[in-house]
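Step one of this worksheet: look at the structure below.
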């Protein structure tokens, strides 16, 4: 994708369908006049009077306790510099989005039009009654230091400048573990800090709080080593001035144990790296390009422990590991500030989490067999679902123990459960899905590449490294569309009807004819059939010319399924095919089966559908908690539709006792665990959060998933095909670009899984 095309895509993302990235959504009913009279006049007077009596009641009756202000004056925006408050707003909205998806914290972004310290402070103070916390963002140094110091002193709500403390907290956790792995002590290590901005100052202060000796620290700015004999030092820089007679980074790096990079690309050379002590620790955190390129550093020193700010290398120092969870813990105990004890608690919680066994969901997301504590895993991954249950409680406890909590937590287990529930509003599964596909991209043939949306999706998966697209369709049309969307990559284009594909077409026709010659297929008819793109694409997968196939955008589902079944066939251990849809709901991902294939499955069919769906849920790194859905509960109806569900459940209970499944159940009981616990406490699902629904027939499943999609605006991945011998996935008619991209990722992961299984079988046979 060209630079201009990427620019246009970014602009469209922020502008359409609604300008911006965040919105305010009512949390109370507003359907009737009665509701409105409670929401506003006259009912609103009652909470107003209660707050007037006791100002702390504002936390009881308003959203203040879960509302953070992300505030900037636009003087130090990302890598863009002083671009002004209005230009900083997209970044502040983005920060608000991260707060919401990682910790379920609501945000108002506030852009203040002043560079005057006093004006900025007074503005924040005056609006502070609205908020439960203040996140200062993208304010240039040294003003940022004074602004944060004053606001922390003068306000009674948590205040944190994330640019300073975010990187400090995450890198400090990584440093603790890196020092341990290198068999050194923090008090002894010699540290070189390249950079002297707000982040570098804050990082160094925190390292000293962990035990680092100031005398062992050398800091550099753009003018060189910060020495005591320099006359141009700010108060903050002077704090770290060294008495050593050194002038350059090269001199500072000699026998250093740790390099902290918060400066600019390529300042650290291989020779400097070679001059470091044994088992060097290098945190090259300049973004997007680090102080030394990761692969170069690894090739230079085999004993290195390295971290960067990039997601495509191990040990990413990412602020999202910190600020959502720190504010979450602070808000939940109504902390009056974020103090050093709370920051240190976050550091230690992150460091400790990296040493614990990693959930399968995280291993799957990052394509690892087993992530374990070591040189390439010193801090948790950003997608680790345990973060919200570990970091906020640590921060909350520190707030309570240090005396800055106004509302202490008493039941910690319940608190952790509540925190995990908040994850339901976040659709991390899509990010996990795409990330996993990128680890080993496969060749995916797009059978309808001469449609604009399909080609756009192919462009995205190519640019993002999700898949290697093969474009099937009319060559002339595809090339024109490629030019239109500036898709200039050299990808394979195949026109099944062209003369240049005659040899391959005849080869495929012969294979097809040999398979189907006793079913009325002649060689001539086989040649004609191979002109049809879905047959051609399926044969490409069959013959190993592609790893997976995507189709169905422009044709009815049955018309695409037919050639797939004829050519691909069932997997070795399958008796039928089925589909599941993953719905991104407020309660988290929900798997719905069978949404596209089996019209009226038998009890035996339902057992197979349930087993295959459980396999897909596990593929996503989740444990299946399955409800077999009907219109009745546990035998309340004797009708055949209900009894077949009951029979399927009985079979699964007998043959697969470890599978967490029950029914038959009405949908509301399946989804409301408290109600299920109260009425049917004997159920295997009582008190559990169901994530999978198996429906009694096609119409109920298909109608349900489409209702969820349209009425609740729920994103959908699917239908995911189950039970086929090869990775083929069929889109719903007129699927969106995002849906096609997600299905492509599914196809890639499916191909990865099947390849892995084949290799395992081969290894067994070779033994």
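Tabulated results
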{"quantity": "Inter-probe distance in nm under a simple model that places probes 7 Å from Cα toward Cβ, at residue 525 and residue 712", "calculated": "4.6"}
{"quantity": "Inter-site label distance for residue 675 and residue 149 at 7 Å from Cα along Cβ, in nm", "calculated": "5.8"}
{"quantity": "Gained length - residue 464 relative to residue 188, 0.36 nm times residue gap less alpha-carbon distance", "calculated": "95.1 nm"}
{"quantity": "513, 412 arranged by Cβ crowding within 10 Å, fewest neighbours leading", "calculated": "412, 513"}
{"quantity": "Rh by Kirkwood over Cα pairs, then Stokes-Einstein D for the range 238-313 at 0.890 mPa s and 25 °C, µm²/s", "calculated": "193"}
{"quantity": "Length-normalised contact order of the chain in % [C-alpha pairs under 8 Å, at least 6 apart]", "calculated": "9"}
{"quantity": "Modelled FRET efficiency - R0 35 Å, residue 386 with residue 653, Cβ distances, 0.05 increments", "calculated": "0.65"}
{"quantity": "Sequence of 568, 378 once ranked by neighbouring C-beta atoms within 10 Å, starting from the fewest", "calculated": "568, 378"}
{"quantity": "Alpha-carbon centroid distance for the pair the range 738-764 / the range 692-732, whole angstrom", "calculated": "19"}
{"quantity": "Label point at residue 87 placed 7 Å out along Cα→Cβ; residues across the range 131-145 whose backbone nitrogen lies under 20 Å", "calculated": "137-144"}
{"quantity": "Where labels lie 7 Å past Cα in the beta-carbon direction, separation of residue 264 and residue 638 in nm", "calculated": "8.5"}
{"quantity": "Rounded to 10°, Cα long-axis angle of helix 3-15 versus longest principal axis of the chain", "calculated": "90"}
{"quantity": "Residues 580, 269, 248, 692 arranged by fewest to most Cβ contacts within 10 Å", "calculated": "248, 269, 692, 580"}
{"quantity": "Hydrodynamic radius (Kirkwood) for the range 578-723, which is based on Cα pairs only, to one decimal in Å", "calculated": "14.9"}
{"quantity": "Sites residue 126 and residue 682 - FRET efficiency at Förster radius 41 Å, r taken between beta-carbons, to 0.05", "calculated": "0.10"}
{"quantity": "For the range 520-568 and the range 587-661, distance of Cα centres in Å", "calculated": "31"}
{"quantity": "Tensor-based shape of the range 3-157 (alpha-carbon gyration tensor, a/c under 1.5 rounded, otherwise prolate or oblate)", "calculated": "oblate"}
{"quantity": "Using a Förster distance of 30 Å, the FRET efficiency for residue 586-residue 737 (Cβ separation, nearest 0.05)", "calculated": "0.80"}
{"quantity": "Rounded to 5, the percent of DSSP beta bridges in the chain classed as antiparallel", "calculated": "25"}
{"quantity": "Three-way shape label, the range 69-125, alpha-carbon gyration tensor, a/c 1.5", "calculated": "oblate"}
{"quantity": "Helix-only CD estimate at 222 nm, as mean residue ellipticity for the chain, using -39500 (n - 2.57) per DSSP H run (n ≥ 4)", "calculated": "-14000 deg cm²/dmol"}
{"quantity": "Rounded to 10°, Cα long-axis angle of helix 428-439 versus longest principal axis of the chain", "calculated": "80"}
{"quantity": "Hydrodynamic radius of the chain per Kirkwood, over alpha carbon pairs, in Å", "calculated": "29.2"}
{"quantity": "Helix 603-619 axis, angle to the chain major axis (alpha carbon atoms, nearest 10°)", "calculated": "30"}
{"quantity": "Rounded if a/c under 1.5, otherwise prolate or oblate - the range 432-567, Cα gyration tensor axes", "calculated": "prolate"}
{"quantity": "Separation of alpha-carbon centers, the range 262-307 and the range 58-77, rounded to whole Å", "calculated": "38"}
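Computed from the coordinates by the stated procedures, all read-outs in this text should not be read as laboratory data. Predicted, not measured: the structure shown is a model, and the values here were computed from it. Backbone-built Cβ (ideal geometry, glycine too); neighbour counts: all protein chains shown.
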